[in-house]
Amino acid sequence: MNDSSQAHSNIRDPAGTLAVALRRITKRFPGIVANDDISLEIKEGEIFALLGENGAGKSVLMSILFGLYEPEEGEVWIKGKRMSHFSPREAARQGVGMVHQHFKLVENYTIAQNIVLGMEPVKRFLGGVPLVDMKATNEKIRDLSHRFKLDVDPLQLISEINVATRQKVEILKMLYREADILIFDEPTAILTPQEVDYLLQIIRELREGGKTVILISHKLEEIKAVADRCGILHRGRLVAVKEVAQTSTKEMASLMVGREVILEVDKPPARMGETVLKVRDLRVLNRDKVAVVKGVSFEIRAGEIFAIAGVAGNGQTEIADALTGLMATASGRVFLLDEEITRTGVRERNLKGISYIPEDRQSYGLILDYDLSYNLALKNYFKEPFSSPGGRLRQEEFSRYAERLIEIYDIRSNRGGGSVVRSLSGGNQQKAIIAREIDQDSPLMIFVQPTRGLDVGAIENTWSQILKEREEGKGILLVSLELEEVMALADTIGVIYNGELLTVKAAKDFSKREIGEYMMGVRKDA
Amino acid sequence: MIEIILYDGLAFALPLLIIAIGGIFSERSGIINLALEGLLGFGAFTGAFMVVMADHFLPGSQPYGIYIGMAFAMVGGGLFAMIHGLLTVYYRANQVISGVVINILSMSLTAFLTRQLNAIIFNAASNRFQLGVADRFTLPLLSEIPVLGAVFTKVYPFQVVILLVALLAYLVFEKTPFGIHLKASGDNPHAVEAAGVDVKRVRFAAVMISGALAGLGGISFAYSISANFNPMIYMGYGYLAIAALIFGNWQIGNTLLAVLFFGFARSAGYELAKALEMSSTFNDIIMTLPYMLTLLILIFFSKQNAAPRALGEIYDKGKR
């Protein structure tokens, strides 16, 4: 029996071992078919991975199962019962729980209050008034977290805990509701390698405890590591259901993208030249006047990719902002090609030769409501030939320039240079920024999280662009939370923790594990 | 003199408190409520109308007038608040505009209705409903405590009712599942929805409660300030309540301190004017005192404010 016929089979479930059966599900949104005639069966007690690119329809499909959306066509069966009414409450009653990609937690409540939200233990006051029994709640949560080895302090506020603990809280929320079908939506996107290992261990233990786990992901290694079977979505259609043990990651990747992908980068040896950027004792203060970058020094040479690895929020974006001039430098000095730029304004730095691909592309990289041609000229519009000496903008020059970049960098949009950037997909928005910045031909390029939220195909594309610039002899600063990316691209790696570069070494002298330990701050250079 | 400042201050502070608690209910659920002014006015109108009706058609009900008034003021305020609730929660209208429009609507509507109802039912050409006098009472023993005894002196009946309602509101707000869902809706409505609670229903209920509490405060002002209902009720006390709840950082306990401060500032101002033997024409300037103080305090308090995170955000279930 081949995979697709199994996926579309419509066998009844006499033994009752199916946790979920989706039958011919179709869900449309204005302009797109998010789920196109999907039939899928998930067995009780298995770890089932749902694999697909961004926008392939994974989250939508799971949101249907979780009751957030109602499909236009098709049936959802949970443990042999057909869902007639779609709401999170109903799904929860059937035992479906979901850890959302963006956590749904109340910041100023305690861990315990968040876990029991909507199902608070109640005691009667004066015989009638229902009051929440906080003492019993805290006890209950303490027990629950011991039982599942997810230790948390029920009295801590959400605003005081880190992402890994927040994720534990989300898992406990499902367990408190006695969910036995657990959906994880991209759970590892924000975790360090150690935390990922721990989470995967938890997921395995949940299966041992008899739970059914559905894992939404586009990270193939993780799926390989924990999942029993995986379903692969491509553009809203289920293209295959595979036994993970008998499928290579390469095969999964090509099914997911719809073509061959090579994510092993072909990196020629570095040919480093003169020093492009020199940073000495850089200190940056945040809005509350607290130091977030504490005396950081490093150098980047031409033809070198220098990567800063670290857990989010340890000062890496602030370094990038200080180098581009978006944030003020409190003390220390910055030299670009031996010229000091510590106090130089943003536009002057751009003109002197800094290109910047910011982390928050939509706020700092683009003007979403302008069209593509304006966005592509955003760093040059005030110069010839875009602007006449009298200050009149020449529309035709914008269009000509846009046409050229669209052609070279393969930026896909509905109406070429005239399309409003907001209407472009995330991957193409990123292509537009990269095109603009590379075309500046700056000696220094700063990439912050360049592949965040992109799918495998777009990642491949971005990586090869970065390597091409390295070949061109640019100095490249790469700030990334993805260890894979840092390991794949960097020549030199600095690990940042709590605003300090704990170590700087050639990439080949680092193991992934070692970087992870520096990232957590558990290891320091003597 | 200090006693007068205390009991007059309390008589002003408590209605302000219950209005501010109303505002807290709405805003902690995530709905900006600038409509407090209009809600307290409409509540007072409804209550006062029922008082004169009872007086007219049920002779002998006069001693209970104030309780009838309070009960119906809450009903009227709550019903009128449904407009704000429907517009902002279910039709996703801009919360600031809705609030301001309701204030204007309430002012003109009650002025119109008061004249019409007076003409039709009582054959009188008047823009006011005459309320009976609310007898202030003094507790025998407690009132003899030096200084603090003033708290138990010349107490309006509505003050006792407000205290009880405020305690109940506090209990609901802090301890019941409803209160917990309400505060969570103002912080992260998506978390509440995912927990299987209907955010819109919670917010709608919160806005209605805020109208009922504002109505209770409104009728109390009508009794204590002029013993009748007239357009003078729209003096800006609704806005003062908003100021109080913001100084109180959207918390009931701190808001109590803020209203006491306003109350005592006001009564102390009057006493000051009396002591200086100023003519009553200076009353108007004295009445600006709480507002002047508001402006002053704003300078110091604005920085450390922690408004509910989702305040003013239009909630859309589909948004991710």
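The values are calculated or read from the model by the stated rules, or taken from the named source; none is laboratory data. In this text, all values refer to a predicted model and were calculated from it rather than measured experimentally. Virtual Cβ from ideal backbone geometry, glycine too; neighbours counted across all protein chains shown. Surface accessibility is based on the protein's heavy atoms, side chains included, excluding ligands, DNA and RNA. Shrake-Rupley method; radii C 1.70, N 1.55, O 1.52, S 1.80 Å.
For A:Leu50, state whether it is among the aliphatic types (A, V, I, L, M), closer than 22 Å to A:Ser217 by Cβ and more than 13 Å from chain B (Cβ to nearest Cβ).
yes
Every residue, every condition in (1) within 14 Å of chain A (Cβ to nearest Cβ); (2) surrounded by fewer than 24 Cβ atoms within 10 Å (Cβ to Cβ); (3) in contact with an Asp or Glu (Cβ under 8 Å, 6 or more places away or on another chain); (4) within 15 Å of B:Phe158 (Cα to Cα), yes or no:
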| site | (1), (2), (3), (4) |
| --- | --- |
| B:Asp198 | yes, yes, no, no |
| B:Ala212 | no, no, no, yes |
| B:Ala222 | no, no, no, yes |
| B:Ser226 | no, yes, no, yes |
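Residues that are within 20 Å of B:Val161 (Cα to Cα), at least 1 per element: which helices (runs of 4 or more DSSP H) completely within region B:213-320 meet that?
Details: elements: B:237-247, B:252-275, B:283-287, B:289-301.
Fully inside region B:213-320 and qualifying: B:237-247, B:252-275.
Among the residues of region B:268-283, write down those that are within 27 Å of the chain's Cα centre (by Cα) and acidic (Asp, Glu).
The answer is B:Glu271, and nothing else.
Could you run through region A:1-57 and say how many residues are more than 23 Å from A:Gly209 (Cβ to Cβ) and either at pLDDT below 70 or in a loop (DSSP other than H, G, I, E, B) (or both)?
Qualifying residue count for the region: 20.
Being facing another protein chain (nearest Cβ under 7 Å) and open to solvent by less than 10 Å² (accessible area, probe 1.4 Å) is the filter; apply it to region B:181-191 and report the residue that is modelled with the highest pLDDT.
Among them, the one singled out is B:Ala184.
Looking at (1) open to solvent by less than 40 Å² (accessible area, probe 1.4 Å); (2) at negative phi; (3) more than 13 Å from every other protein chain (Cβ to nearest Cβ), which is the only condition A:Glu73 fails?
(1)
Go through B:Leu142, B:Leu171 for me and flag whichever is within 14 Å of another protein chain (Cβ to nearest Cβ) and either open to solvent by 30 Å² or more (accessible area, probe 1.4 Å) or among the small types (Gly, Ala, Ser) (or both).
Working: B:Leu142 fails: within 14 Å of another protein chain (Cβ to nearest Cβ).
Answer to the selection: B:Leu171.
Can you give me the number of residues within region B:64-73 that are surrounded by fewer than 21 Cβ atoms within 10 Å (Cβ to Cβ) and in contact (Cβ under 8 Å) with a residue 60 or more places away in the chain?
1
What tally of residues in region B:42-58 results from selecting those that are within 14 Å of B:Leu105 (Cβ to Cβ) and in contact with a strand residue (DSSP E or B) (Cβ under 9 Å, 6 or more places away or on another chain)?
So the count comes out to 1.
Among residues belonging to region A:444-464 that are part of a helix (DSSP H, G or I) and small (Gly, Ala, Ser), point out the one that is most open to solvent (accessible area, probe 1.4 Å).
Of everything passing the filter in region A:444-464, A:Ser464 is most open to solvent (accessible area, probe 1.4 Å).
Of these, B:Ala307, B:Ala258, B:Ala265, which one is within 14 Å of another protein chain (Cβ to nearest Cβ), at pLDDT 85 or above, surrounded by 12 or more Cβ atoms within 10 Å (Cβ to Cβ) and under 22 Å from the mean Cα position of the chain (by Cα)?
Details: B:Ala258 fails: within 14 Å of another protein chain (Cβ to nearest Cβ); B:Ala265 fails: within 14 Å of another protein chain (Cβ to nearest Cβ).
Among B:Ala307, B:Ala258, B:Ala265, only B:Ala307 is within 14 Å of another protein chain (Cβ to nearest Cβ), at pLDDT 85 or above, surrounded by 12 or more Cβ atoms within 10 Å (Cβ to Cβ) and under 22 Å from the mean Cα position of the chain (by Cα).
Of the residues in region A:469-487, how many are open to solvent by less than 20 Å² (accessible area, probe 1.4 Å) and closer than 22 Å to A:Val196 by Cα?
Qualifying residue count, region A:469-487: 5.
Which members of region A:351-378 meet the condition of being modelled with pLDDT of 90 or more, open to solvent by 20 Å² or more (accessible area, probe 1.4 Å) and either part of a loop (DSSP other than H, G, I, E, B) or at positive phi (or both)?
Within region A:351-378, A:Ile367, A:Tyr370, A:Leu378 qualify.
With the checklist (1) more than 19 Å from B:Ile162 (Cβ to Cβ); (2) open to solvent by 80 Å² or more (accessible area, probe 1.4 Å) in hand, flag the one item B:Met53 doesn't pass.
(2)
Do any helices (runs of 4 or more DSSP H) entirely within region A:78-188 hold 2 or more residues that are within 13 Å of chain B (Cβ to nearest Cβ), open to solvent by 20 Å² or more (accessible area, probe 1.4 Å) and within 28 Å of A:Ser39 (Cα to Cα), and if so, which?
A:88-93
Does B:Ala243 meet the test of being hydrophobic (A, V, I, L, M, F, W, C), surrounded by fewer than 19 Cβ atoms within 10 Å (Cβ to Cβ) and either in contact with a Lys or Arg (Cβ under 7 Å, 6 or more places away or on another chain) or touching a residue at least 12 places away in the same chain (Cβ under 8 Å) (or both)?
No: the conditions fail for B:Ala243.
I'm checking my understanding of the structure. Among residues of region A:281-292 that are touching a residue at least 24 places away in the same chain (Cβ under 8 Å) and farther than 25 Å from A:Glu469 by Cβ, which one is surrounded by the fewest Cβ atoms within 10 Å (Cβ to Cβ)?
Within region A:281-292, the match that is surrounded by the fewest Cβ atoms within 10 Å (Cβ to Cβ) is A:Asp281.
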